[in-house]
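Below is one structure, written out as structure tokens, with a few remarks after it.
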Amino acid sequence: MTQNTTTKPLGNLNIFSLKGVQMKTFHITWLTFFFCFFAWFGMAPLMKIAREQLHLTKDQVGNIQIASVSATIIARLLIGRLIDKFGPKLIYTWLLVLCAIPVLLIGTSHSYTSFLLFRLAIGVIGASFVITQFHTSIMFASNIKGTANATAGGFGNAGGGAANLFMPLIASGITALGFCSTEDSWRYAMIFPGVMLLICAFLYHRYTLDSPQGDFKDLKDESIKSTKNTFLIAAKDYRTWILTIAYAACFGVEITVDNFAPIFFTDSFGATIAIAGMVAGIFGWINIFARPLGGIVADKIGKTWGFDGKTLLLALLLLVEGVGLIWFAKSGNIGMAIFMMFVFGLSLKMANGATYSLVPFINPLAVGSVAGIVGAGGNIGAMLIAFMFKAKASHASKNVIENGLNVQKDLIDYTSAFTLLGFIILGIGVAVFIFRTVMAQKTSQIEDLVLTPGK
């Protein structure tokens, strides 16, 4: 009897296929995730314009960056439990609709307080990552989960790079067409990602299912959906917290670079907003191949060395990331800075993929909650790093030529902050390397159940 692949998790990933609900869901979820990240970081490359128009101080900019990643922490923890119970389709649809509101309305801000609150609200869209990882985990078989998760995550995370690249162009285009002044261009540019979130909400609700077998509300199989308190199950497992710290050290840094790199390149190297956005965009676009590569390598290592081998890979990637960050901060010129950003970005994004190749195997009945806790760890890391950047940033004034006039500009230097961050990541990489031997004992039973094909 031929297996009905339409109701089973897929054992392979053909990214050029749209056949079956699994592949349709895969493509819709990464595309939706892409625009979520695009909306989340849409303001990052335009912060220089908004900062000058709203007369924001260095501390206020720091608070805004902290706010942009803080709300995601609670949202990810909550979303993980909700999708375990109600399924990803319903939760994702509502998340997209609700988060489109602050994205569309941030352009109405005329004060530091209102701008801060809108950035805080927009940050909730970061919870989309948890749903994406859950949905790909449930649609694909054990041998390919890491690759599927990393590929969907990588394609989606590229939205952050796309925002850095395209949002300045969108703002410039709106100004060139005469719709607004350069000073107000950031306000109108944010309408685009808001509209895209609403379009994605329609696509997600119309064309996806919660699982290969159907929507959760129609299922009785408890191995697909769970009525247990999956959050407690995930929280009681120490491996969840080790992965949470590791994810803070890779994804937390990714969010930091998405937020701070444009300012770092404009203020430290004198780059224009367009050039800084383009350069910072390189970092985001690395996701297209680097995060999938991390998942693919982790899956291959897992076939031979299991969970322990995957954890060793994660530790090594974090060590390379730490060294690259320190070199990036100390580069001294924009050419070397771009090169080192590529180096540490490659290892960082591979570490993202390697981390979520481990997540589905912590507990098969609590995938959503484990993904939510680990994902929240990335944002906790980003929030703590943002506090550190606020404290370590130095303020300076510099005379520059702008439109033929000599103008004094207030600049922010994040060199010391990036350097310290590099050493912190090195320490976490060493810690993960040490703890992997402890984790190996508990994972042996999980490996027998889900990592070994045919069992």
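Points to keep in mind about this one:
- When every residue of the stretch 21-41 is checked against the conditions, at least one turns out to be more than 21 Å from the chain's Cα centre (by Cα), among the hydrophobic types (A, V, I, L, M, F, W, C) and open to solvent by 20 Å² or more (accessible area, probe 1.4 Å).
- Checked against the criterion of being more than 19 Å from residue 158 (Cα to Cα), at pLDDT below 90 and either surrounded by fewer than 23 Cβ atoms within 10 Å (Cβ to Cβ) or polar (S, T, N, Q) (or both), the candidates 240, 266, 208, 244 yield just one match: 266.
- Condition met for residue 419 (polar (S, T, N, Q), under 25 Å from residue 251 (Cα atoms) and modelled with pLDDT of 95 or more): yes
- Filter pass, residue 362 being open to solvent by 10 Å² or more (accessible area, probe 1.4 Å), farther than 24 Å from residue 392 by Cα and not charged (D, E, K, R): no
- Taking the criterion of being open to solvent by 50 Å² or more (accessible area, probe 1.4 Å) and in contact with a Ser or Thr (Cβ under 9 Å, 6 or more places away or on another chain), the residues of the stretch 382-398 that qualify are 392, 394, 395.
- Scan of the stretch 79-92 for residues that are at pLDDT 90 or above and surrounded by 20 or more Cβ atoms within 10 Å (Cβ to Cβ), ordered by number: 79, 82, 83, 87, 88, 89, 91, 92
- Any hit, the stretch 402-415, residues being within 15 Å of residue 257 (Cα to Cα), assigned to a helix (DSSP H, G or I) and either modelled with pLDDT under 65 or of a type in the set (D, E, K, R) (or both): no
- Taking the criterion of being among the polar types (S, T, N, Q), part of a helix (DSSP H, G or I) and out of contact with any Gly (no Cβ under 6 Å at 6 or more places or on another chain), the residues of the stretch 27-69 that qualify are 29, 32, 53, 60, 63, 65.
- Pairs where the first residue, in the stretch 54-81, is closer than 17 Å to residue 391 by Cβ and the second is among the hydroxyl-bearing types (Ser, Thr, Tyr) and part of a helix (DSSP H, G or I), C-beta under 7 Å, 6+ apart: 60/112
- Per-region count, the stretch 54-78, residues among the charged types (D, E, K, R) and surrounded by fewer than 21 Cβ atoms within 10 Å (Cβ to Cβ): 2
- Residue match in the stretch 194-201 (condition: crowded, with 24+ Cβ neighbours inside 10 Å and modelled with pLDDT of 95 or more): yes
- The residue of the stretch 6-20 that is most open to solvent (accessible area, probe 1.4 Å), among those that are of a type outside the set (S, T, N, Q) and within 10 Å of residue 211 (Cα to Cα), is 8.
- Any hit, the stretch 307-314, residues being surrounded by fewer than 21 Cβ atoms within 10 Å (Cβ to Cβ) and of a type in the set (Val, Ile, Thr): no
- Of all the criteria given as (1) assigned to a loop (DSSP other than H, G, I, E, B); (2) touching a residue at least 60 places away in the same chain (Cβ under 8 Å); (3) surrounded by 14 or more Cβ atoms within 10 Å (Cβ to Cβ), the one not satisfied by residue 180 is (2).
- Pairs where the first residue, in the stretch 380-395, is assigned to a helix (DSSP H, G or I) and the second is surrounded by fewer than 16 Cβ atoms within 10 Å (Cβ to Cβ) and modelled with pLDDT of 90 or more, C-beta under 6 Å, 6+ apart: 392/416
The values are calculated or read from the model by the stated rules, or taken from the named source; none is laboratory data. Just so it is clear, the model here is predicted, and its values are computed rather than measured. Neighbour counts run over all protein chains shown; Cβ positions are idealised from the backbone, glycine included. Heavy atoms of the whole protein, side chains included, go into the accessibility calculation; ligands, DNA and RNA do not. Shrake-Rupley method; radii C 1.70, N 1.55, O 1.52, S 1.80 Å.
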